[in-house]
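Below is one structure, written out as structure tokens; comments come after it.
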Amino acid sequence: MEVCGPLPLSTPKILPTNFDPKFSRKYSSIAPCYKLFDPCYGQFMPIRKNIWKVPRMQVVEEEYELRQMKDMAAARKRWEALVREGKVKPLTPREAGYAIQLSGKTLLDVRPTSERNKAWVKGSTWIPIFDVDDRFDVGTLSTKATNFLMGGWWSGVPTLSYNSQFLSKVNEKFSKDTDLIVACQKGLRSLAACELLCNAGYQNVFWVQGGLEAAEEEELPREGPQPFKFAGIGGLSEFLGWTDQQRVAAAREGWQYRLVFSARMVGLFLAADALYLGTQQVFRYLQEIRTH
């Protein structure tokens, strides 16, 4: 692949070549031809673009991302206020372990199924605030495809949806004066759950700072096939051992641990090479059939 020089700091100029300003909006479906300066070739290259529809799509996407950022910032402020005012009491994973084993407090696990099935605290109650979206309607499939293409294939994070029955299920199991220690994998979703519980009238709500991922193995009694730190990883990054959690484990375990992931990487390259060669053979076979 040809390596080009650095792109110019200023935005490249787009020059219309067949755009007539006299055209009315009824001709907006016609995509005018432009010339975009390509620094790799040092000349203007022709492109086609709908000047009305594309900018509008970009504006909608930017507005959606900005709205999400504002919503998250507002939520963080509310959660910090709950902790600052003492309505939610923060605990370290070690303190949570002491409270569970010595004081008999209840751990409420609000993680989705994909994380819960890998590791969970012994004796904990599981009621997810967000869970894996297993619907298969058109809108959900579109969201799942977008999530996969935007990094889900690498991180293994599934598409989640809000559990509308979260509060009702908590109310079925616990009274409003129960001491609830709320935990998730990293600590954010559990804060959202704490806010809901406080608004619903629960008075003794505790929050595990950093989530179960911050817990050492001896701090909380664990059940499940994997350590707490590995419950939130997945996808190709987990398969190849390219997550921060696995790097820490590799430094502790030594070369035997690294050897497993090195073998996986070699196997992945061999499989990709075999697939490429097989595809070439199929195309050659199809060409021979057409010629005959």
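Remarks
- If the condition is being more than 11 Å from the chain's Cα centre (by Cα) and either in a helix (DSSP H, G or I) or of a type in the set (S, T, N, Q) (or both), then the range 150-162 contributes only Ser161.
- Test: residue in the range 230-247 that is modelled with pLDDT of 90 or more and part of a helix (DSSP H, G or I): yes
Every residue, every condition in (1) within 30 Å of Val83 (Cα to Cα); (2) basic (Lys, Arg), yes or no:
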residue: Trp207; (1), (2): yes, no
residue: Ala215; (1), (2): yes, no
residue: Glu238; (1), (2): no, no
residue: Thr243; (1), (2): no, no
residue: Arg247; (1), (2): no, yes
residue: Arg252; (1), (2): no, yes
residue: Gln256; (1), (2): no, no
residue: Val260; (1), (2): no, no
residue: Leu277; (1), (2): no, no
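- Qualifying residues in the range 163-204 (those that are small (Gly, Ala, Ser) and more than 19 Å from the chain's Cα centre (by Cα)) - the one surrounded by the most Cβ atoms within 10 Å (Cβ to Cβ): Ala200
- Number of positions in the range 205-218 that are surrounded by 18 or more Cβ atoms within 10 Å (Cβ to Cβ) and closer than 21 Å to Gly104 by Cβ: 6
- Note on the range 124-177: among residues that are among the hydrophobic types (A, V, I, L, M, F, W, C) and touching a Lys or Arg at 6+ places or on another chain (Cβ under 8 Å), the one that is farthest from Ala193 (Cα to Cα) is Trp126.
- Test: residue in the range 116-136 that is of a type in the set (A, V, I, L, M) and either modelled with pLDDT under 95 or assigned to a helix (DSSP H, G or I) (or both): yes
- Entry remark, the range 269-292: residues being farther than 29 Å from Leu236 by Cα and part of a helix (DSSP H, G or I) number 8 in total.
- Residue in the range 271-278 that is free of Cβ contacts under 8 Å to residues at least 24 places away in the same chain and surrounded by 12 or more Cβ atoms within 10 Å (Cβ to Cβ) present: no
- Residue check for Leu180: farther than 18 Å from Glu80 by Cβ and touching a Leu at 6+ places or on another chain (Cβ under 8 Å): yes
- Screening Gly187, Gly156 for residues that are touching a Phe, Trp or Tyr at 6+ places or on another chain (Cβ under 8 Å) and either touching a residue at least 40 places away in the same chain (Cβ under 8 Å) or under 24 Å from Ala231 (Cα atoms) (or both) leaves exactly one candidate, Gly187.
The values are calculated or read from the model by the stated rules, or taken from the named source; none is laboratory data. Remember, it's a predicted structure, so these values are computed and weren't measured experimentally. Using ideal geometry, Cβ is built from the backbone for each residue, glycine included, and neighbour counts are taken over all protein chains shown.
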